[in-house]
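The values are calculated or read from the model by the stated rules, or taken from the named source; none is laboratory data. Keep in mind it's a predicted model, so treat the numbers as computed, not measured. A quick note on method: Cβ atoms are made from the backbone with ideal geometry, for glycine too, and the neighbour counts reach across all protein chains shown. Keep in mind that these areas ignore ligands, DNA and RNA; they rest on the heavy atoms of the full protein, side chains included. Shrake-Rupley method; radii C 1.70, N 1.55, O 1.52, S 1.80 Å.
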Amino acid sequence: MPRWARGWPEALKARAARYALQRWLGPFLEEPLRLEQLGLDLRGGTGTLRELRLRAAAVDELLAGAGAPLELREGGVGAVTVTVPWAALGTEPVRLRLSRLRLVLRPRE
């Protein structure tokens, strides 16, 4: 667990994580993140976001910029889990797991 988070109450850690995630991911989500969507275990190195609805226009802008031949019409993610190996950071990979990814795509005009 990072040194900065050791003495913080769990509720404060969850709110700080939600604030940071909302700043980074907010433009790509249909609705603001709620605390109920966030599962956080800093000591174990895992964090999970549940039931995310994607803002199609924002994600599609990224796809278009990358030259993708498809456009996103709508999408969602059942859960995103990130695992950070604090003890071996830099030598072991940070893992990202998506479950129930749903994308509705069509050819770009």
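Within the option set Arg102, Arg97, being closer than 22 Å to Ala17 by Cα, without any contact (Cβ under 8 Å) to a residue 40 or more places away in the chain, open to solvent by 80 Å² or more (accessible area, probe 1.4 Å) and under 17 Å from the mean Cα position of the chain (by Cα) holds for one residue only, Arg97.
Does segment 21-37 hold any residues that are surrounded by 14 or more Cβ atoms within 10 Å (Cβ to Cβ), touching a helix residue (DSSP H, G or I) at 6+ places or on another chain (Cβ under 8 Å) and either in a helix (DSSP H, G or I) or acidic (Asp, Glu) (or both), and which are they? Selection gives Phe28 alone.
Here Gly90 passes the criteria (1) surrounded by fewer than 12 Cβ atoms within 10 Å (Cβ to Cβ); (2) within 18 Å of the chain's Cα centre (by Cα) except the one numbered (2).
Residues in segment 57-81 that are among the β-branched types (Val, Ile, Thr) and under 10 Å from Leu105 (Cα atoms): none.
Entry remark, segment 82-109: residues being within 20 Å of Leu38 (Cβ to Cβ) and acidic (Asp, Glu) number 0 in total. Annotation: of all residues in segment 66-87 being surrounded by 11 or more Cβ atoms within 10 Å (Cβ to Cβ) and either touching a Ser or Thr at 6+ places or on another chain (Cβ under 6 Å) or assigned to a helix (DSSP H, G or I) (or both), the one that is modelled with the lowest pLDDT is Trp86.
When Leu40, Leu63, Leu12, Leu49 are checked against the criterion of being in a strand (DSSP E or B) and open to solvent by 30 Å² or more (accessible area, probe 1.4 Å), Leu40 stands alone in meeting it. In summary, Thr91 fulfils each of the numbered conditions (1) touching a strand residue (DSSP E or B) at 6+ places or on another chain (Cβ under 8 Å); (2) more than 16 Å from Leu21 (Cα to Cα); (3) of a type in the set (Ser, Thr, Tyr) with the single exception of condition (1).
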